[in-house]
Structure formats: structure tokens, C-alpha cells
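For reference, the structure is listed below as C-alpha cells.
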Amino acid sequence: MSSAGATYRDTAEAAWQWTLGQVRWADDGPWIPTSVTGDEPQVPDDRDGMHSGIAGLAHTLAEIRLSRPWTAAETKLGDAIAERLIREIPGCSDVTFFDGLVSTIGALVALDRLDGVRAAVVRLQELAADDGWPQTLMVPPRFAPGARIHDMTLGTAGVLLGGVWAARHGVEGGRELADHAAGILLTEIALAGAEAEAEVGAGVDAEARAAVGAEVGAIDVGWPFVPRRFRPEAGAVMPNLSHGLAGVAAALASAGLSLGRPELVAAATKVSEQLVSLGVTDGRGFIVQRYIPTEINDEDEFTYTWCHGASGTSLAFAALDAAGVKSVAGTAPADWRARCLHSVRTSGLPARLHPGFWDNDGRCCGTAGVGDILLDSWHRTGSAEDLAFATLLADTLVEHAFHEGGTYWRFTEHRNENPLLPPAVGWMQGAAGIAAYLLHTARVVEQGTAAQPQQRMDTWWAAPADAHH
């Protein structure tokens, strides 16, 4: 065992033990606080979600299983998470990848409970409408009644990921669910294109459209976050993975690959070509703005995270590459992926170049999420640069860990009078997710190419289990 591997593993195991210490047990199952503040925590609304709830712990348990057998306590927790999630499915109306039924599909696959995955698929089919799924975030008066969301983390593209993931595990109804979600996305691309043509035909030029809609990019690329017909006033768009074109392209391309539907891959290629037109190609790199327009707040114009930056955007090109696409805007998808990751490696992270630049160690918005994408790239391509940077990020996480009453991380909000945030617990923004990344890194440095990536619904195409380099 390498000394680096042992260090990563020891830190991860200590952080996981701290996480287990935060699990609360109620009559209706386990739950975890979002963060540990010293006050008595309340059961959070998103207690069952992947982002910050118990579904996320299932993914850490899946990573642990690649390293060692579960303990009796971990087995008990995994069983209890599965039973809680399955029990809640019939009454669940949240469909999202972050916290709803799609989140449940991912967690139950990780826990080998395909019976529950089938129940979640049935519930998603029950909730489906011709144009999407109900949601509670985009509501009047800002949005029209019945508004739909079609992004990856909250909307239709996320349901597509869930349907494909169910189908890949042989779950009845998964294919039909995925086909329905894909059809909606294809329709929305056509509708958005028609809306753009109508505005041009009405004499609304690009400058005027930008002034009133702030979304020249969103309309021209054919897929806005929330369709224009549901918005009395158009707003900013986020083109990258979580809420934008990159997430839709990744979902469509991976679905086309898995379901044998080349028209989905073609649509993903079109969306990606339009995504490329929004970004900045500089030397060997490629980055896309966090927001369009860019002046809506004081955040940096570009970031490099899983959610809104070049790391996550690379997953769209990885999906296109896996699907056999030869060219996106004249360049191979593998080269676009490499460009994204070059921008990440040369961005300056994980150093805090200025307040607000790199204040987060988590998966969604920080170091662990970037690191796992780089490791997946290494699994697929064998890039020594990606592996070196991934281990640098793991070293940084070890250095940033707090060891006061346990091992955890505290992120920074530079706008706060007390900028150090309380330690978070869960998968996307807490110790559970960071621990999983460190365990992944430990396996890679100890086992080399024999190490297998953890398969998840949002990354399975980026580092296939049978990848060799």
C-alpha cells in the first residue's frame, strides 16, 4: 500500500466515521442534518435526497464496497436507507436528480434494490405529462402556471438519466420512461428554435432580444432552462451541466448510446455545437460562462466546478465521444473534453486566488467534484496530467480537513462576517462525498489500472467499467 494511498484512505475513513456519527434515527427511518452547527438540528425537508440527504450516503456506501466489505453498522444503514426511500415513493412528487425520484433511482441502484427502482419508475410514469413533470420551484407570478423545467438536476434531462439508468439495470419500464423524457427534450429543442425564428421574423434583432430577454444564447442554442412560453420575463441562463446545455447534451448523448437511438446523439451534437459557440476557446482550453448575461451578480464570470464549470461540461463531450460522434464544430469530442480539463488544470485551483474563487471542497461546487471527473478521465484515457492533478486535489483535501471532534471540512463564504461555514454532512456538499473521492483516489494510487470507477447515472459513460488505456 502506498503511503499516499494510506493517507487518503485514513482521512476518508475518519471523515466517514464522523458522517456516521451524524446519522439520526427516527421511527420513520434515518436522517442526517445538512450541517453541524452546535444547535439541535431539525429534520430537513430534503432528508431523502442525494444532494444533502440519506440517498447521498448510498453512493458513499457503494464506493466503500469497492474498497472493503461493509461493517454491520453500514449494512444496517444501507438497508434502512433503502427501506425509507422505497416506503416514500408512492407519495413522492419531487422528480429531481438532486432530491426526488431520480435521486431515489440512483441511490437504490447503488444499494442493489432494483425492486425499489421499479417502484420509482412507475411513480415517475404516473406523474408524467405530455410536456414534462410537475415541479414546485418555478411558480407564479414569475413563471406561468404549470411551468416545466428541462435541465439535468431539476427537470426532464434528469428524468432521462434516471430512465436510462433503470433500463441499463434491466428494470421494467425504464426504457419507456427514458423514451418519453427524450421525446420531450427533442420537442423543446424544436419549439425553442421556432420561438427564435418567430422573434427574428417579427423584427426583434439580437441586441433587442438580449436587452429584453437576456438570453440570446439560450434561444439560439435551442434549449432554455425554463421554456420561454412559461416566462413573462426572461432571465439569466446557466449554460453548463446543472441547468444548461451541457447537461441536456450529456443526457441525450448517453441515452442515445445506451438505447440505440442515433437521433438522440444527433440532437446532442447539435446542442453541443451551439454550446461551443457560447464559450471561449483559448489555446488548449475551453470554458463557458457561468451565467448569460454575465453581470447579474458579483460572482466570477467563469468557474471550473461540476455544476457550472468546465469540469461538468466535459461530461457532455465525454458522452458524445462514447457515443461515437466524430466531430463537434470541427473538433473531436475527446478533444473538447481534453480542452475543458486543460482549462481546469490551468485555472489556478485549488489555490484561493481571490475571495470567492475557490472556497469549496465539495463535489457540487468544489475540489472533490473536480477531482472525481479527472479520475474518470484517467480511467478512460490514461492521461498522466489528469491523474497528477487529481492526486494534487486529494492532497489539498487532506490538508484542508479539520480534526476537532472528528474529521470534516468547512467551506468559506467570503461575504459573511464569519466566513467559515459549519461542516456539512452529505454527498454533494459534505464529508460523505469528499470521503468517497478520497477512497476513489486511494484505490487508484494503490491499484493502478486495476481500480474500477464507481458507476453512477451522471458519469457512467465518462469512465466505463470496461475501460482500458
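The values are calculated or read from the model by the stated rules, or taken from the named source; none is laboratory data. These numbers come from a predicted model, not from an experiment. FYI the Cβ positions are ideal-geometry reconstructions off the backbone, even for glycines, and counts take in every protein chain you see. Calculation scope for accessible area: heavy atoms of the full protein, side chains included, ligands and nucleic acids excluded. Shrake-Rupley method; radii C 1.70, N 1.55, O 1.52, S 1.80 Å.
Report, in deg cm²/dmol and to the nearest 500, the calculated mean residue ellipticity at 222 nm for the chain, where each DSSP H run with n ≥ 4 adds -39500 (n - 2.57) and the sum is divided by the residue count.
So the calculated ellipticity at 222 nm is -16000 deg cm²/dmol.
Please compute the contact order of segment 353-469 in relative form: average sequence separation of alpha-carbon pairs under 8 Å and at least six residues apart, divided by the residue count, as a percent.
Computed value for segment 353-469: 30 percent relative contact order.
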Could you tell me what percent of the accessible area of segment 219-295 is made up of carbon and sulfur, with a 1.4 Å probe and every protein chain present?
51 percent
What's the angle, to the nearest 10 degrees (0 to 90), between helix 262-278's Cα axis and the longest principal axis of the chain?
90 degrees
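In square nanometres and to one decimal, what's the mean projected area of the convex hull around the Cα atoms of segment 267-414?
Details: hull surface 38.5 nm².
The number I arrive at for segment 267-414 is 9.6 nm².
Relative contact order of segment 58-139, please, whole-number percent, based on alpha carbon pairs below 8 angstrom and at least 6 residues apart. List each step's numbers first, then the result.
Details: 72 pairs, mean separation 24.2, N = 82.
Once divided by the residue count of segment 58-139, the mean separation gives 30 percent.
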Tell me the accessible surface of Val280 in square angstrom (1.4 angstrom probe, heavy atoms of protein chains only), to the nearest ten.
60 Å²
With no solvent and one point per C-alpha, what does the Debye sum give as log10 I(q)/I(0) for the chain at q = 0.07, 0.11 Å⁻¹?
-0.33, -0.85
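What percent does the relative contact order of the chain come to when contacts are Cα pairs within less than 8 Å and at least six residues apart? Write down the numbers at each step before the final one.
Numbers: 907 pairs, mean separation 84.7, N = 469.
Relative CO of the chain lands at 18 percent.
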For Arg410, residues with placed amide H under 5 Å, excluding near neighbours:
Phe402
Probe 1.4 Å, all chains present, heavy atoms only: Cys307 accessible area in Å², nearest 10, is 10 Å²
In segment 80-161, the trypsin sites (Lys or Arg not before Pro) that fall in loop regions by DSSP, at most 16 other Cβ within 10 Å
Arg142
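Based on the Cβ-Cβ distance from Gln447 to Glu295, what FRET efficiency comes out when R0 is 56 Å, to the nearest 0.05? Before the final figure, lay out each step's value.
Values: r = 47 Å, r/R0 = 0.84.
E between Gln447 and Glu295, to the nearest 0.05, is 0.75.
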Using distinct alpha-carbon pairs, which all enter the 1/r mean, Kirkwood radius of segment 360-469 in Å
14.5 Å
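Among all stretches of the chain without exposed GluC sites (Glu not before Pro) (DSSP loop, at most 12 other Cβ atoms within 10 Å), which one is longest?
1-232
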Quick one: length gained pulling Arg229 to Leu420 fully straight, 0.36 nm per residue minus the C-alpha distance?
64.6 nm
